[in-house]
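The block underneath contains the structure these notes are about, expressed in structure tokens.
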Amino acid sequence: MKKALSSKGERTKQFVIEQAANVFNKNGYHGTSVQHLRAATRLTSGVIYSNFDGKQELAEKAFEWNVERLNASYKSAFQSKSSAREKLTAFIEHPYKMVHRSFGGGCPILNMSTEADDHLPWMRKKVIAAIDTMTKMVGEILQDGIANGEFRPIDVKQTGLFIFAAIEGSIMLAKAHEQLQMLKTVELQLKQYAEAVIFKS
């Protein structure tokens, strides 16, 4: 996922992005101060912002990094699976497994979508693009399953959107109630939905 960085400046910039990513994801844009960023990076304000036009650009880069990590996390969960059925099942099961990994603050798409909608119009396009990427990822699995005869001829776009929306909703509920079991509840319902609507007998 990481690209080789040729200069010290590029390495410092990437380091700041990676350290800031969890800070913004936990605290939000408005809740993140320069003191938070200094504590996370152990760098001075001057060094942090010498690589960016300001807080907005750093927040955008941090969100992009979080989304890149999220996408890679989901892909790693199903890429080794041989059938579309196994891939879709792995995708559905991934949110519960993901919470045990290093992803401070929860799903970055969910977190940023709320703040962007209300206060950060300049971030909305990036959030929408991230949602589109995730629903496309599900859609590709569904399309493959239809093509190879594993799945029924469903509406790929609508079904992919429904699955991702259900997953995001389960993350929101589990986080609000501090009950991870809610992820498992929705996971079970999605599996039953897949059996009844998507998978061929």
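Do any helices (runs of 4 or more DSSP H) lying entirely in region 39-135 carry at least 3 residues that are closer than 19 Å to residue 164 by Cβ, within 20 Å of the chain's Cα centre (by Cα) and free of Cβ contacts under 8 Å to residues at least 40 places away in the same chain, and which ones are they?
Values: elements: 45-49, 55-78, 84-98, 108-118.
Helices (runs of 4 or more DSSP H) meeting the threshold: 55-78, 84-98, 108-118.
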Condition first: crowded, with 17+ Cβ neighbours inside 10 Å and over 20 Å from residue 78 (Cβ atoms). Can you find one or more residues in region 134-153 that meet it?
no
Which numbered condition trips up residue 32, out of (1) hydroxyl-bearing (Ser, Thr, Tyr); (2) free of Cβ contacts under 8 Å to residues at least 12 places away in the same chain; (3) under 26 Å from residue 118 (Cα atoms)?
(2)
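Residues are listed down the side, and each one gets a yes or a no for (1) within 25 Å of residue 15 (Cα to Cα); (2) hydroxyl-bearing (Ser, Thr, Tyr); (3) at pLDDT 95 or above; (4) surrounded by 15 or more Cβ atoms within 10 Å (Cβ to Cβ):
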{"position": "36", "(1), (2), (3), (4)": "yes, no, yes, yes"}
{"position": "50", "(1), (2), (3), (4)": "yes, yes, no, no"}
{"position": "53", "(1), (2), (3), (4)": "yes, no, no, no"}
{"position": "114", "(1), (2), (3), (4)": "no, yes, no, no"}
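Restricting to region 59-73, name every residue that is closer than 13 Å to residue 29 by Cβ and charged (D, E, K, R).
Here is the first cut: in region 59-73, the residues closer than 13 Å to residue 29 by Cβ are 59-63, 66.
Matches in region 59-73: 60, 61.
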Anything in region 144-162 that is part of a helix (DSSP H, G or I) and either farther than 23 Å from residue 67 by Cα or among the hydrophobic types (A, V, I, L, M, F, W, C) (or both)? List them, or say none.
144, 145, 146, 147, 156, 161, 162
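The values are calculated or read from the model by the stated rules, or taken from the named source; none is laboratory data. The model shown is predicted, which means the values in this text are computed figures rather than measured ones. Note that we place each Cβ from the backbone using ideal geometry, even for glycine, and neighbour counts take in every protein chain shown.
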